[in-house]
Amino acid sequence: MKKNHFAVVLIISLFFLWGFALNLNPILIPHLKKACQLTDTQSAFIDSASYIAYFLLALPAGWFMKKFGYKGGIVFGLTLFAIGAFLFYPAAATRSYVFFLIALFVIASGLTFLETAANPYITVLGDPEGATQRLNFAQSFNGLAATLAPLLGGMFILSGHTLSADAQIAMSPEQLNTYLDNEASAVQIPFLIIGAVVLLIALFLIRTPLPEIEDEKGHLEATGSLLKEKNLMLGVTAQFFYVGAQTCVSSFFIRFSSHVAGIEEKSAALFLSGALLGFMAGRFIGTFLMKYIAPSKLLAIYSIINIALIVAAVMLHGKASVYALMGVEFFMSIMFPTIFSLSIRGLGSRMKEGSSMVIMAIVGGAVFPVLMGRLSDRTNIQVAYAVPAVCFAVIFYFALTNIRVGKIKLSVAH
């Protein structure tokens with residue numbers, strides 16, 4: 001299917017785009033905390049603005065694509081993404097945190113459309129036998145984006161200059177305002193470039209023929225009946241806690257590194273990039289291990305290891321604590337697709353409805369960072385990392401309820 005090769009490249013680029021955008025949040029959190037003079041709780045709303053869009057727009061995105069097709073949905077999603085990126089320019093010019101949050105929500109709304117379409121699309125662009133291989137290949141670009149985002153964000157957005165409270169008090173109002181304006185303006189050019197690249201991809205997609213996905217016909221049972229599916233409900237809960245844990249671990253990593261080891265923000269961004277490289281490697285290694293270890297058992301083992309690593313990160317000091325937190329990224333790698341696949345097993349004709357519910361559980365990424373930020377403001381960022389430890393305990397319980405399940409097919413990337 002040579003005619004689909006360019007289409008495959010374009011769809012794979014979507015995996016890269018949403019991975020890159022979401023993994024810029026750990027850079028934006030410490031950056032906007034400085035530029036807009038925020039508390040940890042307030043800075044956590046950067047994640048909330050992103051992940052609440054998944055909850056609000058997951059179902060509307062599906063309805064939109066039923067009416068206008070998957071290609072129409074992808075182009076609309078890319079357009080929203082570009083608009084949100086361009087909104088960073090006036091948000092920085094006015095140094096308005098609310099404006100930044102609106103821009104992030106618009107970007108994430110576009111990502112919701114992209115993610116809703118890309119997972120099923122990549123499976124139909126080519127031979128059916130190679131669908132899983134194409135999905136795994138596309139996931140690698142999602143992981144590559146997660147690695148590059150903090151690396152490039154640290155280089156082009158973070159200044160490396162964080163003023164203490166005493167230093168800010170010692171400055172004149174004019175000097176402080178100039179410093180804050182310079183910090184805020186650092187995001188303008190990077191996000192203009194991101195917006196331009198996204199629009200270019202949208203233009204290519206408009207001009208590229210794409211096969212339309214035919215939705216399955218037939219009656220689907222009412223969504224209410226799914227609430228009686230105990231395993232699905234446990235899976236939705238586990239995914240809610242997992243995305244919360246993943247977001248918490250990454251988003252406050254730079255703040256954590258500075259607090260426990262005195263690592264300045266640019267260097268901490270490099271540590272985070274290395275940790276996310278471990279996340280990408282962990283997904284491949286975990287997929288390989290599932291040939292010999294049941295996915296539910298591997299999920300349980302990884303959950304216990306992550307709880308131990310979080311405890312070490314909270315109890316230790318210096319770089320040893322940072323290294324423990326980096327290890328968490330590796331052992332989180334298989335959790336999203338494994339929880340997803342275990343949750344929807346056995347749903348039959350109701351699988352699409354069940355899948356939508358599990359995807360909506362991504363809203364956990366909007367909730368737990370705020371709880372963690374509040375705990376950090378009341379104690380410190382190191383103690384606040386107890387929040388993701390609790391999340392991993394819930395995932396461990398879900399894994400135990402599925403411990404007798406053998407092989408599953410990992411069928412989604414996030």
List, please: which pairs have Cβ atoms under 7 Å, are six or more places apart or on different chains, and start with a residue in region 21-43 that is under 19 Å from residue 182 (Cα atoms) and end with one that is part of a helix (DSSP H, G or I) and of a type in the set (Phe, Trp, Tyr)?
-> 32/97; 32/100; 36/97; 38/97
Which condition number does residue 283 fail, the rest of (1) touching a residue at least 12 places away in the same chain (Cβ under 8 Å); (2) farther than 17 Å from residue 140 by Cβ being met?
-> (2)
Matching residues, region 24-58, being closer than 23 Å to residue 122 by Cβ and open to solvent by 30 Å² or more (accessible area, probe 1.4 Å) | 57
Does region 253-263 include one or more residues that are surrounded by 21 or more Cβ atoms within 10 Å (Cβ to Cβ) and within 16 Å of the chain's Cα centre (by Cα)?
-> yes
Yes or no: residue 366 surrounded by 21 or more Cβ atoms within 10 Å (Cβ to Cβ), closer than 28 Å to residue 53 by Cα and at pLDDT 95 or above?
-> yes
Heads up, the helices (runs of 4 or more DSSP H) in region 95-177 (entirely inside) with at least 3 residues that are in contact (Cβ under 8 Å) with a residue 12 or more places away in the chain are 97-124, 131-156
Mind checking whether some residue in region 321-329 is surrounded by fewer than 19 Cβ atoms within 10 Å (Cβ to Cβ) and closer than 25 Å to residue 41 by Cα?
-> yes
What pairs come up if the first residue lies in region 67-80 and is under 15 Å from residue 7 (Cβ atoms) and touching a residue at least 40 places away in the same chain (Cβ under 8 Å), the second is open to solvent by 50 Å² or more (accessible area, probe 1.4 Å) and acidic (Asp, Glu), and their beta carbons are under 8 Å apart, counting only those six or more places apart or on different chains?
-> 69/212; 70/212; 71/212
Residue within region 147-161 that is open to solvent by 20 Å² or more (accessible area, probe 1.4 Å) and at pLDDT below 80 present | no
Inside region 286-313, the number of residues satisfying the requirement of being open to solvent by less than 40 Å² (accessible area, probe 1.4 Å), in contact (Cβ under 8 Å) with a residue 40 or more places away in the chain and within 28 Å of residue 263 (Cα to Cα) is 4
Is one or more of the residues making up region 37-59 over 28 Å from residue 279 (Cα atoms) and modelled with pLDDT under 90?
-> yes
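The values are calculated or read from the model by the stated rules, or taken from the named source; none is laboratory data. Only a predicted model underlies this, so the values are computations on that prediction, with no experimental measurement involved. Using ideal geometry, Cβ is built from the backbone for each residue, glycine included, and neighbour counts are taken over all protein chains shown. For the accessible areas, the whole protein counts, side chains as well, though only heavy atoms, and no ligand, DNA or RNA atoms are used. Shrake-Rupley method; radii C 1.70, N 1.55, O 1.52, S 1.80 Å.
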